[in-house]
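Q: Please read through the structure below; I'll follow up with questions.
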Amino acid sequence: MLLNSKGKHRRPSKTVRLATLAGVTGAAVAVPLMGATNASAASVETWDAVAQCESGGNWSINTGNGYYGGLQFSQSSWAAAGGTQYASRADLASKDQQIATAEKLLDMQGPGAWACAGAGGLTNDGVDPGVNTGSGQSASKPEQAQPERKAEQPTTRSEQREAPKAESSKKTVTTPTGEKVQKGDGEYKVKAGDTLSKIADREGVKGGWSKLFKLNDDIVKEADLIFPGQQLHLK
């Protein structure tokens, strides 16, 4: 897996392991990091092979283990190689942006920065991958543009509840005298012979007729005067 900017990694690369077994001093282990002043490059196919070994070829992987993206950048390595110009973490950047950042890390640290360098055949082969990094954040995960919304006045819960009532209250019923009264939009439809008291008892309204009157004071003006066809709220 990938070294971070301080040269630490999840498990030693093959180069480091061999050097340790041979009894090479710490100074010699740092050789892959030296000689990196020459520009380094590898083909897209090579990076694909490294990613296949590192992450199964999943360029947006984030398992929560501290390594991100197809080439398993540590956060410090991603920042050190300039990856944050594309995205805050490697898994949030496009494949091309991850490869472009890996090219810089390859130039800085050499193939030994990846434990999978050998499996992927990663070398300073000088082949320009020719990736297109775009600009800014990853092109592979663009943020969805939010549609413009007109400013709306905030409403309270009571106003939201009253809105349907106000709309429905435009409808009316005709009384026996020919007068038009508001119909309402409640769940109970008044029948001939009904009174608020009868309805409250029959429907089990807590608080009785007075509660029923309060619930429907937008259409019932007098407690003893309701009309067939009106629709009352029971709760």
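Q: Mind listing whichever residues of segment 184-202 are among the aliphatic types (A, V, I, L, M) and not in a loop (DSSP other than H, G, I, E, B)? Please lay out each step first, then the result.
A: Initially, segment 184-202 is screened for residues among the aliphatic types (A, V, I, L, M), giving 190, 192, 196, 199-200.
Listed by number, the residues that qualify are 196, 199, 200.
Q: Then there is this: I need the full set of residues from segment 199-227 which are within 23 Å of residue 177 (Cα to Cα) and open to solvent by 70 Å² or more (accessible area, probe 1.4 Å), in order please.
A: 217, 221, 222, 224, 225
Q: Run down 101, 84 and say which single residue is surrounded by fewer than 23 Cβ atoms within 10 Å (Cβ to Cβ), polar (S, T, N, Q) and touching a helix residue (DSSP H, G or I) at 6+ places or on another chain (Cβ under 7 Å).
A: Only one candidate passes the filter, namely 84.
The values are calculated or read from the model by the stated rules, or taken from the named source; none is laboratory data. All of these numbers come straight from a predicted model, not from anything done at the bench. No Cβ is skipped: glycine too gets one built from the backbone with ideal geometry, and neighbour counts run over all protein chains shown. The protein model used for the area step is the full one, side chains on, heavy atoms only, and it has no ligands, DNA or RNA in it. Shrake-Rupley method; radii C 1.70, N 1.55, O 1.52, S 1.80 Å.
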